[in-house]
Amino acid sequence: MSHRTLAASGLVAGYPGTAPVLDGAAVRIPPNRRLALLGANGSGKTTLLRCLSGALRPVAGAVTVDGEPLTHTRRGLRAHRQVVQLVLQDPDDQLFSASVGQDVSFGPLNLGLDESAVRARVAEALDLLGVDHLAARPTHQLSYGERKRVAIAGAVAMRPCLLLLDEPTAGLDPTAVADTLAALARLQEHDSTVVMSTHDVDLALRWADEVAVVVDRAVVQGPPEEILGNTRLLRRARLDRPWVLTVGARLRELGLLAPGALPRDTDRLLAALPEAPAVRS
Amino acid sequence: MSHRTLAASGLVAGYPGTAPVLDGAAVRIPPNRRLALLGANGSGKTTLLRCLSGALRPVAGAVTVDGEPLTHTRRGLRAHRQVVQLVLQDPDDQLFSASVGQDVSFGPLNLGLDESAVRARVAEALDLLGVDHLAARPTHQLSYGERKRVAIAGAVAMRPCLLLLDEPTAGLDPTAVADTLAALARLQEHDSTVVMSTHDVDLALRWADEVAVVVDRAVVQGPPEEILGNTRLLRRARLDRPWVLTVGARLRELGLLAPGALPRDTDRLLAALPEAPAVRS
Amino acid sequence: MTGLVVDDAAWASAWRGRAPGDKLLLCAGLVACALVLPPWPGALLVAGSAVALALGPARVPAGTFLRAIRWPLAFIAVGAVTAVVSVDGGGLGWAPDAAERAGQLAGRAVAGTAAVLLLATTTPMSDLLPQLRRLRVPAAVVEIASVTYRLLFVLLDSLGTVREAQTARMGWSTPRRSYRSAGMLAAAVLTRSWDRARRMQAGLAGRGMETGLRVLSDAQPSSRPFLALGLTLPVGIAAITLVVR
Amino acid sequence: MHIAEGFLPAGHAIGWTVAAAPFVVHGVRAVTTEVRENPESTLLLGAAGAFTFVLSAIKLPSVTGSSSHPTGTGPGAILFRPPVMALLGTVVLLFQALLLAHGGLTTLGANAFAFAVVGPWVGYGAYRLSRVLGAGLLPAVFAGVTLADLATYVTSSLQLALAFPDAGSGLVGALAKFLGVFAVTQIPLAIGEGLLGVLLFRVLTVN
């Protein structure tokens, strides 16, 4: 699985009869990066992901893989789907087979692989997502978090270079979020580039190498500290600033944190704080 | 609307063919409190709320209003519904009408009110939830967050003393969460007791007067700082400790926060920190 | 939006606040004119007024009206041509007065369709269905139809997402796979519909559902000037048509 | 194919409405009795109606390369029985007329007779008969759904032929014409809908 750069520029996209949801959006996803796509509900995150996956044809602009523009022909889309897979937020609408194993085998079977290759891919995908123990279970018996991971396994079994996940952690409790993040880490070790959309700024700061915010129908992309420290941008995007940056900045003012990049999560903040109490004046 | 105390004790409840979800659960909701019901997905939060609302009949144990046990007869349930209303997590489970106004009118009509009284209640409920501008819109054009608030309005129009909300903020972005919390504050001013289930410990600490955690098929109830500072309990419940307590405890060790109750959210933490940098040794 | 452009137009129409009974009367009058008056100039007048009212005072987007009428136009064209082709002794030919008959047939149908579309693009189903009670349709049927109206959007949404997920995983890449996917899609939507009904039942029990799904119609008072229009326009069209003839 | 508004002469529109009425009224009676005994069935029947509408929105690839929509009433007749389908089918036709501009209001009776009465009864009859004759579930479903689809279009063609008899060869000629245009072209699509029915029931019986 060679690595590809997925990009989009000048995207104008939307739905019939309404104003465009995206207007001039550009984004670039270099190989092997963890990109968090941030935005409030209704900001256009899902629309952008659907354009990138080829599911939605933009009114204007181009989606490219290694500079090569995606053509919305049967053939162009077929090639694109082997590179990019999108997993939507609601797992219930993506699991349409009776059992977990059957559902995950749907994609590989459609690729025309033989039975043993399909079995291998299903086993691999379930294993990467940490849901191999569920293979024989009927899909409707799974918990919400399990269904979400099985839906991701269905896309992973297609062995895409890039995996686009729409809100993979929404509605999950902390344990399920941790399980999902561990699975995404395994996917990356397995050479997939992972893009995750979320409106959880704390999670984005903790997880991402790079952040893109959908705001005013366009996309602003950059390093997590820079983007997530930009209060004005976040306000425009109807998002909060991550608490760890707010608290970290104040603690630095108080001389408790060294200058430079602020810690990105609780553990790193605690580690960066001095051991002993300061002598107060 | 007089205020009532809703309570449950010795609850054993579950679904046919499986082990009980709750076994000996007890909870007490005094009037005019904000109770956050915490638990991981699948822990039994929803089952407890369904028992409290009368929707699910427990195998053993009792649900009481002001000490009076709920009887699962048609009459007993009818009386109970005028006191307690449950709003389910998925708004599509409760919105059966394509017209927002028509949907909200359903409950008051079932109470046998006349047309003008029903119209007044519909208007009041939509206003309290801050969704009066949606009255003329079709349900199927609303966003998820809007549908959630309309579903709450449908319950509020019944003027219950107690409102039980199952995950009212799940899947909402920060702005929508803020709007929902503001609406809940208006409901409380309007003399309703509000119970909210969530697995967001930070939100629970910020919002609640009292916290109940569903853990090992039972319920542990107490003040937010006590329950949410109990790392061992939270681990058993598969929940995180709120970051502000973790960071706050450390800052107190460092002598930066005064002894006593720890701040409950970012704003209060920042306000509690000293103004000037400490002189470091 | 929902993808059903007529429904979107109905909810956004400037006539949304008008009493559904008033609009029903106007459109029924126009449909009756289309059906019984001589097509020239009756059909032309009906079609003209329906389109003018829809695009003018009701402010229905022209594109929506055009998109909606495309499909019936195709049927009308094929149907009208088939009706006036003559098969005689194995040979095909035009019936003696083919052009005139086809024109009359198409004229009536286009006029009728435009009049129904005027109603459809200005009045959401949830306003129209309560009107069925006036026609003595039992409450149970109106309630079932209302639930159908609400759920069809929920299910259309599921249909679109399931199909998109299948497409992404190459489920629609050959006719054979497409059939297999379509079967799974239909089954998925059917199980979703049962599941939805079951969950909604639980959701509504708590709101006191005991006998039915009674709701209060959205208040839309009848307007005298509009009623007058609803009566005089069809009568006027009839009068002009009969005088011109 | 739904007969468009204004396409049938007034007399025919009324005639077909009268013809469909007893079946639909029978369906209404069956459904109101059901709902009176079981108020929750309102939701199940509403869901069944929505399913029928949505089923007819599934695009099927056809052998000729174009695509088509199933009528949706065949599987419904087997799942929910023809009396209920007479009502649900009529509700769905009303929605198709007002939400999609497929069909019309004065032609609702004629369309209901073809789609909600003849189609479901023929389909259900073929299904039952196949079962009685010893056919397996899936072959019986195939026969039922395919014939329901075909019977619907044959009925529509007959309705059009009655309204527009051929100038030279009368009713027979007209029927041949309309069948040729609207029903013969439908044969591959009917087979397609039959296959869809089989696949649908196969998934349902596995679960």
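For the B and A pair, go ahead and give the buried accessible area with a 1.4 Å probe, both sides summed, in Å² to 100.
The B and A chains share an interface burying roughly 3100 Å².
Given H placed on each backbone N at 1.01 Å, which residues far from A:Leu165 in sequence or on other chains put an amide H within less than 5 Å of it?
A:Val87, A:Val195, A:Met196, A:Ser197
Using only DSSP helix segments of four residues or longer, with each worth -39500 (n - 2.57), what per-residue ellipticity at 222 nm results for chain C after dividing by its residue count and rounding to 500?
-25500 deg cm²/dmol
Say we join alpha carbon atoms closer than 10 Å with springs in a Gaussian network model of chain A; which of A:Val244, A:Val213, A:Val195 then has the biggest fluctuation?
Among A:Val244, A:Val213, A:Val195, the largest GNM mean-square fluctuation belongs to A:Val244.
If amide H atoms are built 1.01 Å from N in the plane of the peptide, which residues on other chains or at least 5 residues away come under 5 Å of the amide H of C:Asp88?
Amide H to amide H, under 5 Å and 5 or more residues apart or across chains, C:Asp88 pairs with C:Gly93.
For chain C, what class follows from the C-alpha gyration tensor (a ≥ b ≥ c being the square roots of its eigenvalues): rounded when a/c is under 1.5, otherwise prolate if a/b is larger than b/c, else oblate?
oblate
Taking a 1.4 Å probe, which of A:His72, A:His190, A:His199 shows the most accessible area, and what order do the others take after it?
So the residues, ranked largest to smallest area, are A:His190, A:His72, A:His199.
Tell me which of B:Leu52, B:Gly145, B:Ala36 sits at the most positive position along the dipole axis of the stretch B:6-241, charges placed on C-beta atoms (Lys, Arg +1; Asp, Glu -1).
Value computed over the given set: B:Leu52.
Hey, can you list the DSSP H helices of chain C whose Cα span along the axis is 20 Å or longer and whose average Kyte-Doolittle score is at least -1.0?
The qualifying helices are C:20-36, C:39-55, C:62-84, C:98-120, C:139-168, C:175-205, C:224-244.
Pairs of alpha-carbon atoms within less than 8 angstrom and 6+ residues apart define the contacts here; what relative contact order does the stretch A:137-281 have, in percent?
For the stretch A:137-281, the relative contact order is 15 percent.
Order the peptides B:260-269, B:127-136 from the highest to the lowest mean number of other Cβ atoms within 10 Å of their residues.
By packing density, highest mean first, the sequence is B:127-136, B:260-269.
Any idea what the relative contact order of chain C is, in percent, if you count C-alpha pairs under 8 Å spaced at least 6 apart?
Across chain C, relative contact order equals 35 percent.
With the radius of gyration and the Kirkwood radius both derived from the Cα set of the protein assembly as shown, what is their ratio Rg to Rh?
Dividing the radius of gyration by the Kirkwood radius yields 1.00.
Taking the Cα centre of the stretch C:133-206 as the origin and placing charges on Cβ (Lys, Arg +1; Asp, Glu -1), which of C:Val137, C:Val189, C:Met200 is farthest toward the positive end of the dipole?
C:Val137
Among C:174-181, A:168-175, how do they line up from the highest to the lowest mean number of other beta-carbon atoms within 10 Å?
The peptides rank, most packed first, as A:168-175, C:174-181.
When you look at the Cβ of every residue in D:165-171, what mean number of other chain Cβ atoms sits within 10 Å?
The shielding value for this peptide is 5.
Would you mind putting B:152-165, C:190-203, D:129-142 in packing order, based on average other-beta-carbon counts within 10 Å, highest first?
Averaged packing, sorted descending, gives the order B:152-165, C:190-203, D:129-142.
For the stretch A:106-194, build the convex hull from the C-alpha positions and give me its volume per residue in Å³.
95 Å³
What is the Cα coordinate range of chain D on the first, second and third principal axes, sorted by size from largest, in whole angstrom?
On the principal axes, chain D reaches 55, 40, 33 Å in Cα extent.
In Å, what Kirkwood hydrodynamic radius results for chain B from the alpha-carbon pair distances?
20.0 Å
Might you report the magnitude of the Cβ-based charge dipole of the stretch C:133-206 about its Cα centre, with Lys and Arg at +1 and Asp and Glu at -1, to the nearest 20 debye?
Roughly 140 debye, rounded to the nearest 20.
What 222 nm value per residue comes from the helices of chain B, counting each DSSP H run with n ≥ 4 as -39,500 (n - 2.57) and dividing by all residues, nearest 500 deg cm²/dmol?
-11500 deg cm²/dmol
Give the average, rounded to an integer, of partner chain Cβ atoms located within 10 angstrom of each Cβ in B:176-182.
Partner Cβ neighbours, averaged per residue: 1.
Please get the size of the charge dipole for chain B, origin at its Cα centre, with Cβ charges of +1 on Lys and Arg and -1 on Asp and Glu, quoted in debye to the nearest 20.
Result for chain B is approximately 700 debye, rounded to the nearest 20.
Each residue of the stretch A:23-37 in order: what ³J(HN,Hα) in whole Hz does its phi give by Karplus 6.51 cos²θ - 1.76 cosθ + 1.60, θ = phi - 60°, with x for Gly and Pro?
So the J values, rounded to whole Hz, are 9, x, 7, 9, 8, 9, 10, x, x, 6, 9, 9, 9, 9, 9.
Where both partners of a DSSP beta bridge lie in the stretch A:6-241, what percent of those bridges are antiparallel, to the nearest 5?
50 percent
Taking all protein chains as present, what is the carbon and sulfur share of the accessible area of chain C, in % to the nearest whole number, probe 1.4 Å?
With neighbouring chains kept in place, the figure for chain C is 64 percent.
Most mobile of C:Gly91, C:Gly171, C:Gly107 per a Gaussian network model of chain C (Cα springs, under 10 Å)?
Looking only at C:Gly91, C:Gly171, C:Gly107, the biggest GNM fluctuation is shown by C:Gly91.
Just tell me how shielded B:87-93 is by partners: mean number of partner chain Cβ atoms within 10 Å of each residue's Cβ, no decimals.
The per-residue average across the peptide is 5.
Please say if the stretch B:183-281 is rounded, prolate or oblate, where rounded means a/c under 1.5 for a ≥ b ≥ c the square roots of the C-alpha gyration tensor eigenvalues, and otherwise the choice is prolate for a/b larger than b/c and oblate otherwise?
Oblate, since a/c reaches 1.5 and b/c is not below a/b.
With a 1.4 Å probe and all protein chains in place, put A:Asp23, A:Asp209, A:Asp216 in order of accessible area, largest first.
Highest to lowest solvent-accessible surface, that is A:Asp216, A:Asp23, A:Asp209.
Let me check I've understood the local charge: for C:Ala14, count other residues with C-beta under 13 angstrom from its C-beta, Lys and Arg +1, Asp and Glu -1. What total comes out?
+4
Cα-Cα pairs above 16 Å in the stretch D:121-168: how many percent?
Cα-Cα pairs in the stretch D:121-168 separated by more than 16 Å: 48 percent.
Can you give me the relative contact order of the stretch D:91-207 as a percent, contacts being Cα pairs under 8 Å and 6 or more apart?
23 percent
Ordering D:Phe23, D:Phe80, B:Phe96 by accessible area with a probe of 1.4 Å, largest first, what comes out?
Solvent-accessible surface, decreasing: D:Phe23, D:Phe80, B:Phe96.
Scale the Cα Rg of the stretch C:133-206 by the rule-of-thumb value 2.2 N^0.38 Å and send over the ratio, two decimals.
For the stretch C:133-206, the normalised Cα radius of gyration is 1.46.
Indicate, rounded to the nearest 5 percent, the antiparallel portion of the DSSP beta bridges found entirely in the protein assembly as shown.
Counting only bridges with both partners in the protein assembly as shown, antiparallel ones make up about 55 percent.
Placing +1 at every Lys and Arg Cβ and -1 at every Asp and Glu Cβ, with all other atoms neutral, what dipole size does the protein assembly as shown have around its Cα centre, in debye to the nearest 20?
760 debye
Using only helices, what value at 222 nm comes out for chain D when you add -39,500 (n - 2.57) per DSSP H run of length 4 or more and divide by the total residues, to the nearest 500 deg cm²/dmol?
For chain D, the value works out to -23000 deg cm²/dmol.
DSSP beta bridges in the stretch A:140-225, what fraction antiparallel, as a percent rounded to 5?
Roughly 50 percent of the DSSP beta bridges within the stretch A:140-225 come out antiparallel.
All other residues with a Cβ under 15 Å from the Cβ of B:Val122 taken together, and with Lys, Arg as +1 and Asp, Glu as -1, what is their net charge?
That sum, taken over residues with Cβ under 15 Å, equals 0.
The values are calculated or read from the model by the stated rules, or taken from the named source; none is laboratory data. Since the structure is predicted, the reported quantities are computational estimates derived from the model, not experimental observations. No Cβ is skipped: glycine too gets one built from the backbone with ideal geometry, and neighbour counts run over all protein chains shown. Ligands, DNA and RNA are excluded from the accessible area calculation, which covers all protein heavy atoms including side chains. Shrake-Rupley method; radii C 1.70, N 1.55, O 1.52, S 1.80 Å.
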